[in-house]
Amino acid sequence: MQMNDSQRIEAPRQKVWEALNDPDVLKASIPGCEELTKHSDTEMEAKVKLKVGPVKATFGGKVTLNDLDPPNGYTIEGEGSGGVAGFARGGAKVRLEEDGPDATILHYDVDAKVGGKLAQLGARLIDSTAKRLAGEFFTAFAEQVAPTTPSEPAAEDGAEAPEQKKGWLGGLFGGKKADPAAEEPAA
């Protein structure tokens with residue numbers, strides 16, 4: 001299986017580099033990651049629980065970082081085993097590119113091989129699952145690196161914030177709530 005893509009992360013390149021090397025950030029970002037132990041600057045070990053189609057397994061694996069070029073990128077090589085579910089082995093080239101002072105584009109090229117029951121599922125299911133997991137990783141990683149805070153319109157000078165528009169379905173089922181004080185029975 002081969003996959004390559006780019007993701008824009010709203011953080012400076014140095015901060016993204018540091019996050020890519022922080023086991024706590026990676027553990028929080030990797031879908032299904034139960035454990036992540038950093039043994040050295042270039043070696044990590046992980047335990048990840050995943051479901052790929054009908055196959056559900058816990059994978060134990062080791063990852064080695066090579067060709068370190070801080071803060072520009074590195075090469076990841078790893079392999080993991082999920083017992084009877086099968087194994088995965090492969091690598092990825094990760095490259096960070098500045099996109100202005102406060103954003104980074106993370107480019108990656110992945111080449112992986114799977115075996116066992118996983119290989120029997122078929123390339124289309126494996127590819128779609130890998131893309132879904134990559135999307136989940138980057139969403140969580142971006143939130144770890146550059147958390148977004150929901151901004152609500154501030155009411156100025158005591159003025160009320162404008163009512164948000166609802167779609168036709170919301171208008172049909174979610175009409176305005178009546179004021180409970182106005183519904184009190186007359187005495």
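Evaluate the following for ASP41: is it open to solvent by 50 Å² or more (accessible area, probe 1.4 Å), touching a residue at least 40 places away in the same chain (Cβ under 8 Å), farther than 17 Å from ILE9 by Cβ and acidic (Asp, Glu)? No, not satisfied. Of the strands (runs of 3 or more DSSP E) lying entirely inside segment 51-119, the ones with 2 or more residues being open to solvent by less than 60 Å² (accessible area, probe 1.4 Å), touching a strand residue (DSSP E or B) at 6+ places or on another chain (Cβ under 7 Å) and touching a residue at least 60 places away in the same chain (Cβ under 8 Å) are found at 87-98, 104-115. Scan segment 10-20 and tell me whether some residue there is open to solvent by less than 70 Å² (accessible area, probe 1.4 Å), touching a Lys or Arg at 6+ places or on another chain (Cβ under 9 Å) and either at pLDDT below 95 or more than 24 Å from ALA123 (Cα to Cα) (or both). Checking segment 10-20: not a single residue is open to solvent by less than 70 Å² (accessible area, probe 1.4 Å), touching a Lys or Arg at 6+ places or on another chain (Cβ under 9 Å) and either at pLDDT below 95 or more than 24 Å from ALA123 (Cα to Cα) (or both).
The values are calculated or read from the model by the stated rules, or taken from the named source; none is laboratory data. Because the structure is predicted, anything quoted here is derived from the model rather than measured. Virtual Cβ from ideal backbone geometry, glycine too; neighbours counted across all protein chains shown. The area values use the complete protein model at the heavy-atom level, side chains included, leaving out ligands, DNA and RNA. Shrake-Rupley method; radii C 1.70, N 1.55, O 1.52, S 1.80 Å.
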